[in-house]
Amino acid sequence: MELLTDLFVSELIGKYIIDRSGLKLGKVRDVWVDPETTFPTVRGLIIKYNGELKVVPWKEIYMLSRQVVALRVIASEVRFERVSEGHLYISGILDRQIVDINGAKLVRVNDIKLAGNSKGVHIVSIDVSFVGLIRRLLPRGMFSMPTSGKRLQPHFIGWDMVQSLSTGGDSLSLRASGDKLSKIHPADLADILENISHYERLELFEQLNPEMAADTLAEVDPDVQKSILRQINKERAADILEEMEQDEAADLLSEMNEDDSDQLLSLMENEAASDLRELLEYDEGTAGSLMTTDFLVFSIELTADEVIKQLRELAPEADYIYYLYAVDSEGRLKGVISLRELIISSPETRISELMHTKVISVLADEDEKKIRRLFSKYSLLALPVIDKSDKVIGLITVDDVLQLKN
């Protein structure tokens with residue numbers, strides 16, 4: 001089979017198929033493709049023949065170009081196949097919203113580029129530009145490629161760098177989509193989630209592993225957060241909440257109704273659920289509601305070398321290590337030391353000799369206005385939260401403060 005290598009679907013739809021004798025069988029109505037490959041393979045062309053939609057198998061096609069679609073055989077010898085709802089057709093791809101993995105944004109398929117040889121023809125890229133839309137919508141013969149102007153240049157994205165979103169009977173296979181989506185920053189994914197339909201949002205979100213889902217969920221609008229958690233499997237929702245920062249998970253749970261919140265907590269690991277229940281007890285806008293209980297403290301009796309060894313073991317499980325807090329045998333806050341001070345100190349030096357004893361801290365019921373002032377005045381990256389006996393019960397990070405509404 002001969003193929004013009006830069007053939008667009010817009011140039012193929014509406015073209016007559018002729019048999020070996022030159023008889024016109026009908027116009028191309030659609031293209032049947034197999035999505036189970038990195039670049040979907042064309043399996044046949046859809047025409048209306050004798051009043052019925054039928055598939056002309058790819059093996060029957062001799063030539064495919066802008067000028068002609070020619071068959072190897074005469075019409076009576078064509079082994080037509082029936083159009084099936086289980087097949088994927090080009091019409092189900094055009095105008096579909098997809099995720100551009102490289103650009104980390106939503107784009108719409110305006111045209112599709114085909115390429116191949118005698119062994120097969122594939123979808124190789126999509127055109128998401130205005131040029132692609134004009135090429136497809138203008139009557140045949142009226143379109144010519146613009147020679148200047150940035151806004152009128154085609155924009156092609158390789159098929160292997162896109163991710164389908166739309167749902168329905170003709171949906172593209174979403175195999176390996178999680179690997180593709182993991183290349184996008186959670187904040188960019190959140191923007192995409194907020195700008196697609198409810199059904200597309202769930203389809204995309206289900207492709208994320210719990211850790212990626214948690215990072216993304218933390219970035220989206222609270223209403224979208226609640227909508228997603230209500231719709232997905234409850235056990236998966238609980239797994240995602242466990243992966244979120246404790247203060248963010250607690251904020252999300254506090255926005256849900258009590259029954260939904262209790263159900264999710266009951267599905268979580270006991271320790272994680274217990275920590276979240278404690279955070280939910282604090283009033284909104286207080287240090288307790290902002291803090292996370294995921295923090296590290298070290299005994300003042302340890303040496304610098306011993307602390308570093310513990311950090312190697314514990315750091316992968318800790319999300320924030322801005323400062324190291326030193327406590328006595330009763331867990332009371334006694335001092336703070338920076339990572340730099342720890343690293344450059346002599347290995348045998350005790351933490352009690354390195355630490356700064358004037359530690360800025362707040363009680364759990366402190367209001368967020370004072371917390372803002374402390375972060376601003378002392379350029380803090382983190383702020384320990386203590387109880388009335390000076391025991392550390394949580395940590396507020398600069399990220400938490402930046403997310404507060406003015």
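Against the test of being over 18 Å from I47 (Cα atoms), within 30 Å of the chain's Cα centre (by Cα) and either modelled with pLDDT under 85 or aliphatic (A, V, I, L, M) (or both), the options L133, L88 yield a single qualifying residue, L133.
Could you tell me whether region 394-401 includes any residue that is of a type in the set (S, T, Y) and in contact with a Gly (Cβ under 7 Å, 6 or more places away or on another chain)? Taking every residue of region 394-401 in turn, none turns out to be of a type in the set (S, T, Y) and in contact with a Gly (Cβ under 7 Å, 6 or more places away or on another chain). Taken over region 198-225, residues that are among the aromatic types (F, W, Y) and either in contact (Cβ under 8 Å) with a residue 60 or more places away in the chain or surrounded by fewer than 20 Cβ atoms within 10 Å (Cβ to Cβ) (or both) amount to 1. Among residues of region 186-197 being among the aliphatic types (A, V, I, L, M) and outside any loop (DSSP other than H, G, I, E, B), the one that is surrounded by the fewest Cβ atoms within 10 Å (Cβ to Cβ) is A187. Screening A304 on (1) surrounded by 16 or more Cβ atoms within 10 Å (Cβ to Cβ); (2) under 24 Å from I228 (Cα atoms) shows it passes everything except condition (2).
Within region 312-321, is there a residue that is surrounded by fewer than 16 Cβ atoms within 10 Å (Cβ to Cβ), within 25 Å of P186 (Cβ to Cβ) and in contact with a strand residue (DSSP E or B) (Cβ under 8 Å, 6 or more places away or on another chain)? Within region 312-321, one or more residues are surrounded by fewer than 16 Cβ atoms within 10 Å (Cβ to Cβ), within 25 Å of P186 (Cβ to Cβ) and in contact with a strand residue (DSSP E or B) (Cβ under 8 Å, 6 or more places away or on another chain). R29 fulfils the conditions (1) over 39 Å from the mean Cα position of the chain (by Cα); (2) assigned to a strand (DSSP E or B); (3) among the basic types (K, R) except for a single criterion, (1). For region 371-392, the criterion of being of a type in the set (V, I, T), touching a residue at least 40 places away in the same chain (Cβ under 8 Å) and out of contact with any helix residue (DSSP H, G or I) (no Cβ under 8 Å at 6 or more places or on another chain) is satisfied by at least one residue.
Of the strands (runs of 3 or more DSSP E) lying entirely inside region 241-348, not one carries at least 3 residues that are over 14 Å from L395 (Cα atoms), out of contact with any His (no Cβ under 7 Å at 6 or more places or on another chain) and among the basic types (K, R).
Residue check: is I228 among the hydrophobic types (A, V, I, L, M, F, W, C), farther than 30 Å from I351 by Cβ, touching a residue at least 24 places away in the same chain (Cβ under 8 Å) and assigned to a loop (DSSP other than H, G, I, E, B)?
Considered against the rule, which asks whether it is among the hydrophobic types (A, V, I, L, M, F, W, C), farther than 30 Å from I351 by Cβ, touching a residue at least 24 places away in the same chain (Cβ under 8 Å) and assigned to a loop (DSSP other than H, G, I, E, B), I228 comes out as no.
Can you tell me which residue is nearest to the chain's Cα centre (by Cα) among those in region 336-355 that are touching a residue at least 24 places away in the same chain (Cβ under 8 Å) and surrounded by fewer than 19 Cβ atoms within 10 Å (Cβ to Cβ)? Checking each candidate, the answer is I343.
L94 - would you say it is touching a Leu at 6+ places or on another chain (Cβ under 9 Å) and within 26 Å of P154 (Cα to Cα)? Spell out the reasoning first.
Working: touching a Leu at 6+ places or on another chain (Cβ under 9 Å): no; within 26 Å of P154 (Cα to Cα): yes.
Against the criterion (touching a Leu at 6+ places or on another chain (Cβ under 9 Å) and within 26 Å of P154 (Cα to Cα)), L94 does not qualify.
Per this entry, S274 is counted among residues that are surrounded by fewer than 14 Cβ atoms within 10 Å (Cβ to Cβ), closer than 28 Å to D367 by Cβ and polar (S, T, N, Q). There is at least one residue in region 138-147 that is of a type in the set (F, W, Y), assigned by TED's automatic domain parsing to the domain that holds G44 and at pLDDT below 80.
Test V33 against the stated conditions and say whether it is within 22 Å of R136 (Cα to Cα) and surrounded by fewer than 18 Cβ atoms within 10 Å (Cβ to Cβ).
no
Listed by position, the strands (runs of 3 or more DSSP E) inside region 36-126 whose residues that are touching a residue at least 60 places away in the same chain (Cβ under 8 Å) number at least 1 are 41-49, 61-64, 97-100, 105-108, 111-117. Screening A249, A272, A287, A238 for residues that are modelled with pLDDT of 90 or more, more than 26 Å from S182 (Cβ to Cβ) and of a type in the set (G, A, S) leaves exactly one candidate, A287. Just one of (1) modelled with pLDDT under 85; (2) among the acidic types (D, E); (3) assigned by TED's automatic domain parsing to the domain that holds R66 fails for E203. It is (3). Residue count for region 356-405, restricted to those that are among the aromatic types (F, W, Y) and surrounded by fewer than 17 Cβ atoms within 10 Å (Cβ to Cβ): 1.
Within region 50-70, being aromatic (F, W, Y) and closer than 12 Å to I18 by Cα holds for one residue alone: Y62.
The values are calculated or read from the model by the stated rules, or taken from the named source; none is laboratory data. Values in this document were obtained by computation on a predicted structure and should not be read as measured data. All Cβ positions, even for glycine, are placed from backbone atoms using ideal geometry, and neighbour counts span all protein chains on display.
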